[in-house]
Every structure is written in structure tokens, then in C-alpha cells.
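The values are calculated or read from the model by the stated rules, or taken from the named source; none is laboratory data. Keep in mind that this is a model prediction, so the values were computed, not measured. Only protein heavy atoms, including side chains, enter the accessible area calculation; ligands, DNA and RNA are left aside. Shrake-Rupley method; radii C 1.70, N 1.55, O 1.52, S 1.80 Å.
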Amino acid sequence: HYTILFIITSLSTFTLYFFDFITPNSLTMYIIIATFVLSFILLDYNLKFKPAKFLIYLGDISFSIYLVHPFIEILSRHFKFDNHLLYLKFILSIILVIIVASITYQLIEKKIGRYLQSRFIDKQLVK
């Protein structure tokens, strides 16, 4: 199957790019990222791949991730890492963003959503 070969190639190329094993020019970088995204589309349509529950949850909290990540980035700048540990800093920042975004999603976003739904949408359905 050419689909599986394409998916493996694009994921491998993206991984090499992400970990600085290759340094492409900007056009090549856009092609690498586009093939990476296309590989997930092919997984979905050709192989009937269903995303894991964690990926669906990340989609649910994506707005909270968007709101929280700049603050975590500012906070992470206060911690100095050696060059060989920058990937660890990156992974720890992602984990912290997901944790804080989960908390804000549960404590703020869901409650405000329920309140707005009960206040405005449910009353419109009654009329």
C-alpha cells in the first residue's frame, strides 16, 4: 500500500525536522508540515483510523490551551536549561499546558458554558 508508505515517510521526515536532524529551507518546511497533516487525513479516510480519546479531549480543551499557553511560555522562560535538555523543557511545558488547560476547562469553561446555555438557549427553546 502506497498510503502506508507515504504515512511512514511523512511522519519520519517530520520527526527528523522536529528534532533538528534536518534543516530545510522555508518552502521545504511547509511541504514537510503539509505532508504530516495529509498523513493524518489519509489515516482517517483510507485506514479508518479513529483518534484516541486523548486527542478528542485535547480538541475539547483546545480553547483553554490557546488561552493558557502564553502564560506557561512566559513562566518557562524563567527556568534555564542546557542545550541538550531543551527537548525536556519543551515536553514539560506541553505537559504543564495540558494540565493547566484541563483545570481551567473544568473549573471555568464548562461552568460558563452551562450557565450561558441555561440562561439563553434553554429560555429560547421554551418560547
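Things worth noting here:
- Thr104 accessible area, assembled protein chains, probe 1.4 Å, Å²: 40 Å²
- Given their separation in residues at 0.36 nm each and the Cα-Cα distance between them, Thr15 and Arg114 gain 31.6 nm when the chain is fully extended.
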